[in-house]
Amino acid sequence: MKYEEAHIEDMLRRFMKGETTLEEERRLADYFAAAPSIPHRWRAFAVLFTGIDGGALESAGPAQPVEKPGRRRVWLKVAGVAAVLCLCYVLGSVAWHADEHAIDANAAMATATAERPSAPASDHQPAASSASPTTAPQAAIPPQTSSHARHKRALARHTEEASHKQDQAQLAQNEPQPKPQSERQREAPSAPLSDSDASDLTDHIVSAAFTYSEHSQLDERAIRGRDRVRARVMEQYAHLGL
Amino acid sequence: MMDEQTYIALVPTVRHVVLREAARYLPDEDDAADVAQEVMLKLWQLRGTLSGDKKMLYAYATVLSRNLCLNRLKAKRRHPLLRLHHSDADEGDCAEEAAYVPATPGPDVALEAREAYSLCQKAVRQLPEKWRIILHMRSEQHMETDDIARALGTTAGAVRGMLSKARARLLTLINQQNEIRRSTH
């Protein structure tokens, strides 16, 4: 028995090296099929030989690639997440810029049209009357302790004052001829309007702009944008007037 | 249809064609030889369904070889970071397996023949096709090593190496199945 085990052991070693003959392999198969007790360490060999003898190689069917689909799906998931993030970024930035433009444009309309009625008033505070309605929401905010709000208000006040001074200086020079500019600002329809029509239209736009500015909370950005536009308009006034 | 004698007569040429095609795609000679071996194994398995036309056989062998090369290249390219690991694992564990006679911690219960059969079948199902074919040639068709070498256009030594790798892989898979079976009980 000991002898046989040693013999089998040797044959198994050569079997694993691929060096056994067909005859030896047949004897190994016979041993594993018939032996009453098989040593523990040869269990896997027993499974191999009995399985192959039973035809496991024939009946297993075609090989199945097990891992491939999973791998590809992981890749797809990563790509999907990346695509969604990109989309969010693009949409977000588009929305942000659109918002900015809208506020700027509204503020521009408010200031540009607000110049019109202030001109005929002909006293020395024309811009004050035009500016106070648009800044009303800002002024209506109760005093806050947060430094951010303080800074916001300080900034607003600062730009406000600057533009007031400019307003007064420029308007004093421009008072004789405000009409051509105001017609330019009204984005010039093809047929020239009469003076009363023009003033009606501007009143309409002004009131619309004011209600807009009162209902929407104009933030610091909007105010700054408005002041920027106002400054630009004033520059044009000065340029045309001189 | 192509009978075995005709096929074996064509084998050296076919192998040459296959090897040359593989060498065009794979810079490494060993890789190319590997692919050629796999192609020859597949062709052997398909020999019953091949047409008798020599030129068709060469063309088919060429296409088979090219596709296997491309698969191999793709597998290596798929995860650039894992590529080193991939090639290492592939070669390293083959070389190790060839010399490795596993000590097999089997279950305490003696396996019945039926159980052994299903276990072996599961393991065979996971065995790469090329190893399955060579084991089939040896254990089912009882071909001598020299005959196998002639059928594949290689040497007897190469056939012994392949048999060794195939058996080692199958044993490893059987052990894995055994582990799985034991852990589920």
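The values are calculated or read from the model by the stated rules, or taken from the named source; none is laboratory data. Bear in mind the structure is a predicted one, so any value in this text is a computation, not a measurement. Every residue, glycine among them, receives a Cβ derived from its backbone with ideal geometry; neighbour counts consider all protein chains shown. Just so you know, the surface numbers come from the protein's heavy atoms only, side chains and all, with ligands and any DNA or RNA stripped out. Shrake-Rupley method; radii C 1.70, N 1.55, O 1.52, S 1.80 Å.
Rolled with a 1.4 Å probe across the full set of protein chains, the surface gives B:I8 an accessible area near 40 Å².
When all protein chains stay in place and ligands, DNA and RNA are ignored, the 1.4 Å accessible-area order of B:T62, B:T184, largest first, is B:T184, B:T62. Averaging the Cα positions of each part gives two centres, and for region B:123-185 and region B:41-69 these lie 22 Å apart. Is region A:1-45 rounded, prolate or oblate when judged by the Cα gyration tensor, a ≥ b ≥ c being the square roots of its eigenvalues, rounded requiring a/c under 1.5 and prolate requiring a/b larger than b/c? Here region A:1-45 falls in the prolate category. Accessible surface for A:L22 stands near 30 Å², nearest 10, in the context of the full protein assembly shown (1.4 Å probe). In the context of the full protein assembly, B:R125 retains an accessible surface of approximately 80 Å², using a probe radius of 1.4 Å and ignoring ligands and nucleic acids.
Among the listed pairs A:K77/B:K42; A:K17/B:K42; B:K76/B:K130; B:K76/B:K165; B:K54/B:K76, those with a Cα-Cα distance over 29 Å are A:K77/B:K42; B:K54/B:K76.
When all protein chains stay in place and ligands, DNA and RNA are ignored, the 1.4 Å accessible-area order of B:V63, B:V159, largest first, is B:V63, B:V159. Put B:S51, B:S139 in order of accessible area, highest first, and with a 1.4 Å probe you get B:S51, B:S139. Spacing of the modelled spin labels on A:V94 and B:D3, each 7 Å from Cα toward Cβ, amounts to 7.3 nm.
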